[in-house]
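The next block holds one structure in the form of structure tokens; read it before the comments.
Derivation of every value follows stated rules applied to the coordinates shown; laboratory data play no part. Note that the structure is a prediction, hence the values are computed from the model and not measured. Cβ: placed from backbone, ideal geometry, glycine included. Neighbour counts: every protein chain shown.
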Amino acid sequence: MLVIQNIKNKLKSCGGRISCKTFAGVIRYFRLFWHDTRNDMDKKFLKQLARWHEDDEFQKIVDAILALPEEERDYDLTGQLARALNNLEDYETAAEVLLTVEAEGQHDPLWHYRLGYAYYYSDRFGQAKERFEQVLRLTPDDQDARMFLGWCDEELTPGGKVKKLNARLTAPEAMTGGKTFRQRTAEFWQWFTDNEPRLAAMIEKRGEEDVDKMVDFISGGVQLISGELNFNLGGDYEFTFTIEGKNYLFYLLPWLVEQMPEQFRGKWHFFPCMQGTHGESFGFQMYGKDVQLDEVMVGLKYKEDQNYFDIRFYDEQLCSLDDNSCYNAFYIMMELTIGEALSHIYIGNVDKADGMEAGMFPLTRLEACMTVALEEAKKEILTRPDERYSVYRMEFDTVKDLRYDMVIGTTCFSDLLQDYFNGETENADKLATCGSKAVFLVMPVGEADRSGMLKLRYEIEDRLTAEVLGKKGSGREIGILLGGTMGRDNLYIDLLLYDTPAFMEQASSLLGQYSYPFYLAEFRPESRLVALANVG
């Protein structure tokens, strides 16, 4: 009765796992418990551990073993600690504990079994499979290990992955509600068209208009896009949007500007971010200092392998400020000089110097010197952050969500990735308030498919760009490609959508031509999925 009751209790604590698997795991624990070595242990202590195990008092086992001095926790007790942690479903810690005695456990089938069990229930099926295979090498008749090995193989097939992904499905409407960025952009340009005579008069009669009223009027139109969007109105019919640290706008405003109606192109000049001064100098006042741009001296170091520039700067007035004020003022001056886009794309580390250094030159020459360095390195000079792709690698011990199985990837929007892996949604939220969606395609892959997956990923990316999204910079896009990554379980393609319903309709037709299932997820932890194609 005790064994049956323990099995029932274990089933209740598994959170919906297949009962036959749990049954086998519990039986395995009872069978293996009596094989633990007790040579140098206190029998009374071991009997107490046994009673707690029989009574499902696993936390007491953990507390008792951890209370021992570390030098008294031998190999056997370490195994019992890991077993208790497995029973508490703290699989990650159980694996960490077992790996502390990895050298001793290499020829112990029980060590491999416990580690495989921890990996299996951490959804690390590939690593679990390796452990259970090792159990069978050491004890070929172990039926429990053989059973888990079969389950690992099942999970590692596309079919097993599809079942797991299907459990996260939601209705397409969950991802398509609200006004799209495409619609917001159309509304802005309609507002501009309706009010263009008044806007032109503001420029032509500059100084006669009430500045506050002028700003309020223009803000009313700009807020059709976002309440966080700032702007400058220039003398030669120049309308410049400014980023001011809100980097997600780099991925929206170029497309917005490209939508300018044809009738205004010969007269108005719209810019998606603040442009540079092209070598001109002027006075800059901040924090009680009045500094000429050409008086600030900078040193430049180009890191060709990373395609970044590190900068050191010096100006007596600037450097007399506290560090926060000094750096803030310099960054603003630098962006005024070379523009917000070049600053974001190419500037790496910025450090204050203690005085003039060899090789320094005026800040107003910074853009020209950067251009020369890039040309000498035969590098393309990029002007849009969404054109700069970087390769990244990440490895995670536990696959706790989509993308945590990744091996290597590319991206032009690293802030979005950092948010995702930090469990944050700031950039995704900001983009959503403008009507755009940061999403990624998910395509489960099997072990046999891997050799051709990278080629297939590039093929799908190219076709999506050419046949669905539209060429970047064409003005006809309904979204842009942000990058992609290969994972052990899935292939991922990252996108920013300006019109999510249009993309879903067109992409479903294209992806349906392939034999793989495709899902769409938002860049949010534990995102629900929408089925795009070939999902049963």
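Between rounded, prolate and oblate, where does segment 419-536 land on the alpha carbon gyration tensor, with a ≥ b ≥ c its root eigenvalues, rounded for a/c under 1.5, else prolate if a/b exceeds b/c? Since a/c reaches 1.5 but b/c is at least a/b, the shape of segment 419-536 is classed as oblate. The order of D141, D74, D351, D108, going from fewest to most other C-beta atoms within 10 Å of their C-beta, is D141, D351, D74, D108. Of all DSSP-defined beta bridges confined to segment 181-271, some 60% are antiparallel rather than parallel. Bridges between two residues of the chain, per DSSP, are antiparallel at a rate of about 85%. Its DSSP H runs of at least 4 residues, each contributing -39,500 (n - 2.57), put the calculated 222 nm mean residue ellipticity of the chain at -14000 deg cm²/dmol, to the nearest 500.
In terms of the ratio Rg/(2.2 N^0.38 Å) built on C-alpha atoms, what value belongs to the chain? The value comes to 1.26. Residues T193, T485, T337 in ascending order of nearby Cβ atoms (within 10 Å, fewest first): T193, T485, T337. When D210, D401 are sorted by how many other C-beta atoms sit within 10 angstrom of their C-beta, beginning with the fewest, the order is D210, D401. The 3J(HN,Hα) values that the Karplus relation (6.51, -1.76, 1.60; θ = phi - 60°) gives for segment 425-435 are, in residue order, 9, 4, 5, 4, 5, 4, 4, 5, 5, 8, x Hz. Gly and Pro appear as x. Averaging 1/r across all pairs of distinct Cα atoms in segment 30-156 and inverting the result yields a Kirkwood radius of 14.9 Å. Are there GluC sites (Glu not before Pro) in segment 162-218 that DSSP puts in a loop and that have at most 10 other Cβ atoms within 10 Å, and which ones? The qualifying sites are E208. Around the amide H of A533, modelled in the peptide plane, lie the amide H atoms of F518, all under 5 Å away and 5 or more residues distant in sequence or on another chain. What whole-number volume per residue, in cubic angstrom, does the convex hull of the C-alpha atoms of segment 313-358 give? Hull volume normalised by residue count: 84 Å³. Seen from a random direction on average, the alpha-carbon convex hull of segment 394-448 projects onto 4.7 square nanometres. Going by the alpha-carbon gyration tensor, a ≥ b ≥ c the square roots of its eigenvalues, is segment 283-385 rounded (a/c under 1.5) or, if a/c is not under 1.5, prolate (a/b greater than b/c) versus oblate? Judged from the Cα gyration tensor, segment 283-385 comes out prolate (a/c at least 1.5, a/b above b/c). Our coupling estimate for segment 210-223, obtained by passing each phi through the Karplus curve with A = 6.51, B = -1.76, C = 1.60 and θ = phi - 60°, is 5, 4, 4, 5, 5, 5, 4, 5, 5, 4, x, x, 5, 5 Hz, Gly and Pro reported as x. Close amide H partners of F284, meaning residues 5 or more places away or on another chain with modelled amide H under 5 Å apart, are V291, Q292, L293.
Restricting the trypsin sites (Lys or Arg not before Pro) of segment 412-489 to loop positions (DSSP other than H, G, I, E, B) with no more than 12 neighbouring Cβ atoms within 10 Å leaves K471, R476. Summarising the amide proton neighbourhood of F270: residues at separation of 5 or more, or on other chains, whose placed amide H is nearer than 5 Å comprise F239. Beta bridges from DSSP with both residues in segment 283-385: antiparallel share about 75 percent, rounded to the nearest 5. Say the cut-off is 23 Å between C-alpha atoms; which of K437/K472; K246/K379; K246/K400 go over it? Flagged as over cut-off: K246/K379; K246/K400.
Applied to segment 405-421, the Karplus parametrisation 6.51 cos²θ - 1.76 cosθ + 1.60 on θ = phi - 60° returns per-residue 3J(HN,Hα) values of 8, 5, 10, 8, x, 10, 7, 10, 9, 5, 4, 5, 5, 4, 4, 4, 7 Hz, with x for Gly and Pro. With one equal scatterer per alpha carbon and no solvent term, the Debye-computed log10 I(q)/I(0) for segment 181-271 at 0.20, 0.22 1/Å reads -1.02, -1.25.
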